[in-house]
């Protein structure tokens, strides 16, 4: 094979590698989420203890990528027992009031307008450290944690409180590990209640 034949062969291979995927193979199309608009106040509102939750976006709407809800915390209210997730990150945007968030050993006061990331595999909890109601938008990535929040809310329906067996079942089904062994120390140190 002479140099000219070699150059033609290489040009053919190069063009083939560019053109074949475009004309020879069907393009894979991924599902696209639909547009969602929620006017102010929209969403399913539930209670988890004294904490109000209004669900905004679900995994069905975001193809499992993200869930979102609005939280209303009363003064001195602990929003969740200390816990962690192996596969879920949570983001909090404080809309009103002051929320204190503990992530590992770091305690951060987040004022209205502030953002906070609670990364996976780190024990965390949060509470209203102010003297007035606090409101937040909470995001979970991926969306599965929003399913947990709905399941937890069902356990509080009609004035019921979840049993330790209920919570063990949630741990088995969802990406959450409770650290109740830390609850009393946090409650006493920061003057908050669950």
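The values are calculated or read from the model by the stated rules, or taken from the named source; none is laboratory data. Computed from a predicted model, the values in this text were never measured in an experiment. So basically every Cβ, Gly included, is an ideal-geometry build from the backbone, and we count neighbours across all protein chains shown.
The table that follows gives values for the structure above.
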{"quantity": "Answer residue from the stretch 94-109, given it is in contact with a strand residue (DSSP E or B) (Cβ under 7 Å, 6 or more places away or on another chain) and farther than 10 Å from residue 128 by Cα and is surrounded by the fewest Cβ atoms within 10 Å (Cβ to Cβ) among those", "calculated": "108"}
{"quantity": "Filter result for residue 146 (outside any strand (DSSP E or B) and crowded, with 19+ Cβ neighbours inside 10 Å)", "calculated": "yes"}
{"quantity": "Contacts under 6 angstrom Cβ, first residue in the stretch 151-164 being surrounded by 10 or more Cβ atoms within 10 Å (Cβ to Cβ), partner part of a helix (DSSP H, G or I), 6 or more apart", "calculated": "155/166; 162/155"}
{"quantity": "Every residue from the stretch 110-131 that is at pLDDT below 95 and crowded, with 18+ Cβ neighbours inside 10 Å", "calculated": "129, 130"}
{"quantity": "Only one of 152, 95, 139, 63 that is in a loop (DSSP other than H, G, I, E, B) and farther than 21 Å from residue 190 by Cα", "calculated": "63"}
{"quantity": "Residues being within 23 Å of the chain's Cα centre (by Cα) and more than 23 Å from residue 144 (Cβ to Cβ) - total across the stretch 165-185", "calculated": "2"}
{"quantity": "Residues (more than 18 Å from the chain's Cα centre (by Cα) and in a strand (DSSP E or B)) located in the stretch 98-125", "calculated": "98, 106, 107, 108, 109, 111"}
{"quantity": "Checking residue 55 against (1) outside any loop (DSSP other than H, G, I, E, B); (2) surrounded by fewer than 16 Cβ atoms within 10 Å (Cβ to Cβ); (3) in contact with a helix residue (DSSP H, G or I) (Cβ under 9 Å, 6 or more places away or on another chain), the condition it does not meet", "calculated": "(2)"}
{"quantity": "Residue that is modelled with the highest pLDDT [pool: residues in the stretch 170-182 that are surrounded by 12 or more Cβ atoms within 10 Å (Cβ to Cβ), in a helix (DSSP H, G or I) and out of contact with any helix residue (DSSP H, G or I) (no Cβ under 9 Å at 6 or more places or on another chain)]", "calculated": "182"}
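Rundown of residues vs (1) within 30 Å of residue 111 (Cα to Cα); (2) exposed (fewer than 12 other Cβ atoms within 10 Å of the Cβ); (3) at pLDDT below 90, yes/no style:
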| site | (1), (2), (3) |
| --- | --- |
| 19 | no, yes, yes |
| 24 | no, yes, yes |
| 34 | no, yes, yes |
| 41 | yes, yes, no |
| 61 | yes, no, no |
| 67 | yes, no, no |
| 72 | yes, no, no |
